[in-house]
Amino acid sequence: MPFELKNILKKLRVIAFLFFSFLLIVPAVAFPADAGIEDVKIGLNPPVQISFIVKNAFTKDIEEAISSGIPVSFTFIVECRKIRRFWFDGYLGRWVFKHTVKYDSLKEDYVISLDESKKVIRTRDLNEMEKLMATGDSIALTPVEPLKAGRQYECRVKAELYPVKMPFLFNYVRFFSKFWDIDTSWYTYRFTL
């Protein structure tokens, strides 16, 4: 083999080793430990309301990405159904809503949009931003049929965290942000009226 070809192959092996080492290390560092839904509460006075918190949703990587101006969204999915013992469960509804945050570097604050209340909240406090992003508070649900006393019901809640989709060419700049896409597992809450 010519000397130049040996050098090129050696460099390619080093680059491949570094690349695959990076792929193994980054997910372990970037993903939050045990992100999940907790403290689910259902208010049964009409309208039916649900409250919950996403625990361990933020890491330093995510905080730094938000502070650098990358908009981030939490998508919350709530599904409710009526439990039937000897038949298929009854569908009561599916609700999807988002909390989106973007850091405004000119005003040096976080702008949080809450879909369920149609509110836009500005804050300079990182902890308050994280709380607003990760908390669903008394969100009204309108089931397809009214809930009845003595029946058993089930609500499931899930959260997904993704960077907001940017124009096509900007996705190349944010290639490694895919390593902090988060899906929590479903949290199931059963109750009887």
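Bear in mind these aren't lab numbers, they're just calculated from the coordinates by the rules spelled out. Please read these numbers as outputs of a predicted model, since none were measured by experiment. When we count neighbours, we look across all protein chains shown, and the Cβ atoms used for this are built from the backbone with ideal geometry, even at glycine.
Counting other C-beta atoms within 10 Å, and keeping those with at most 16, which DSSP coil chymotrypsin sites (Phe, Trp or Tyr not before Pro) do you find in the stretch 64-153?
Filter output for the stretch 64-153: Phe86, Trp87, Phe88.
With a sphere of radius 12 Å drawn around the Cβ of Lys55, what net charge do the other residues whose Cβ falls strictly inside it have (Lys, Arg +1; Asp, Glu -1)?
With Lys, Arg at +1 and Asp, Glu at -1, the neighbours total -3.
For the stretch 79-110 and the stretch 136-160, write down the distance between their C-alpha centroids in whole Å.
11
Between Asp125 and Glu160, what's the calculated FRET efficiency when r is the beta-carbon distance and R0 is 30 Å? Round to 0.05.
E(calc), rounded to 0.05, equals 0.75.
Give, in nm to one decimal, the length gained when the segment between Trp186 and Leu9 is fully stretched (0.36 nm per residue of separation minus the Cα-Cα distance).
Once the chain is fully extended between Trp186 and Leu9, it gains 59.0 nm.
Name the lysines eligible as straight-distance cross-link partners of Lys55: C-alpha to C-alpha under 17 Å, and not fewer than 8 places from it in the same chain.
Answer for Lys55, where 17 Å is the Cα cut-off: Lys41, Lys98, Lys131, Lys158, listed by chain and number.
If you take every residue apart from Val40 with its C-beta less than 11 Å away from the C-beta of Val40, what net charge results, scoring Lys and Arg +1 and Asp and Glu -1?
+1
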